[in-house]
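Taking it in order: structure first as structure tokens, then the write-up.
Read-outs: derived from the displayed coordinates by stated rules, not from any lab. In this text, all values refer to a predicted model and were calculated from it rather than measured experimentally. Positions of Cβ are generated from backbone atoms using ideal geometry, with glycine treated the same way; all protein chains shown enter the neighbour counts.
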Amino acid sequence: MTYHNRMKLEFINKSENESFARVAVAAFVSQMDPTIEELIELKTALSEAVTNSIIHAYDKSQEGIIEIYCTIKEYTVQVIIEDHGIGIEDINKAREPLYTSKPEQERSGMGFTVMETFVDELDVQSLPGEGTKVTMKKTLNRDIH
Amino acid sequence: MRVSFETIDNILIAELDGELDHHTAKEVRDEIDKTIDAFFIKHLIFDFKNVTFMDSSGIGVIIGRYNKIHDMNGKVGVFNCNKYVDKIFAVSDLYSIVDKFHDADEAIKVFNK
């Protein structure tokens with residue numbers, strides 16, 4: 001029998017929830033006994049995706065929902081960050097290093113690059129007007145567990 | 001996140017303490033910009049020693065300050081970056097415009113030349 005566990009988290013598009021999401025997912029993943037490195041890398045990638053949803057998905061005056069689905073299967077953790085906001089017109093362009101649609105807010109355009117750097121697999125699905133779903137997977141190093 | 005400051009001649013050292021993300025970035029840049037203007041600062045050095053978390057929002061904070069300082073012919077440096085912060089700066093090619101130092105003394109020596 002392989003180990004299996006999952007959880008779902010839902011919160012509104014407030015920037016205060018960026019740190020909440022990081023802490024909540026880290027606490028859930030802790031049962032896998034990750035290294036500090038693995039935990040920080042996952043938290044950083046997650047933070048980028050949640051921040052993207054908070055900044056881009058919804059109009060600031062509008063209350064929007066962001067959902068996180070976290071699944072553990074043996075040594076692999078999968079985190080899905082989903083919003084139901086404006087969506088991304090051109091995903092390839094959005095994933096390009098240094099591309100940002102909000103330079104005036106001092107956004108660096110490095111969010112997706114940082115996600116790719118810190119997790120093993122990254123998939124972005126989006127439909128304009130429907131929302132965006134970012135799926136990241138990270139397998140923990142088995143040798144040390 | 002808390003920011004504390006130290007000035008040496010026209011160099012400002014900004015010590016960051018806590019988590020630097022999109023939520024905290026705004027107050028960090030406001031604090032630093034206010035201090036740069038108030039003390040006629042030329043060069044800016046970031047001390048990352050007590051930064052417990054940073055995502056790409058940190059790059060935006062540094063590049064924004066770089067633009068301000070660079071306009072006044074000043075330079076920007078960082079030191080005490082942990083390996084995660086360092087990796088984020090490296091993948092974003094930040095070190096092509098911002099100098100990485102071992103400590104404040106080295107930064108001050110280079111910037112005071």
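Some points to look at:
- Residues B:Phe89, A:Phe11, ranked from the fewest to the most other C-beta atoms within 10 Å, line up as A:Phe11, B:Phe89.
- Efficiency of FRET from Cβ geometry, A:Glu96 and B:Lys100, R₀ 35 Å, rounded to 0.05: 0.90
- Calculated diffusion of chain A, Stokes-Einstein form, Kirkwood radius summed over Cα pairs, 25 °C and 0.890 mPa s, µm²/s: 158 µm²/s
- Förster radius 25 Å - calculated FRET efficiency between B:Asp71 and A:Asp59 (Cβ-Cβ, nearest 0.05): 0.15
- Ordering of B:8-19, A:42-53, A:59-70 by burial proxy (mean other Cβ atoms within 10 Å per residue, highest first): A:42-53, B:8-19, A:59-70
- The simple Förster model, with R0 at 41 Å and r as the Cβ-Cβ distance, assigns A:Glu89 and B:Phe39 a FRET efficiency of 0.40.
- Over the residues of chain A, the helix contribution to mean residue ellipticity at 222 nm works out to -9000 deg cm²/dmol, using -39500 (n - 2.57) for each DSSP H run of at least 4.
- Computed from backbone phi with θ = phi - 60° and the Karplus coefficients 6.51, -1.76 and 1.60, the 3J(HN,Hα) list for the stretch B:100-109 is 9, 10, 6, 8, 5, 4, 4, 4, 5, 4 Hz; x is used for glycine and proline.
- Lysine pair count for chain A with Cα-Cα distance under 21 Å and sequence separation of 8 or more or different chains is 21.
- Number of Lys pairs (Cα under 20 Å; 8 or more positions apart or on different chains) in the stretch B:56-113: 8
- Globularity index of the stretch B:2-111 is 0.95 (Cα radius of gyration / 2.2 N^0.38 Å, N = number of residues).
- Label separation (B:Val110 vs A:Ile36): 2.6 nm, computed from points 7 Å beyond Cα along the C-beta direction.
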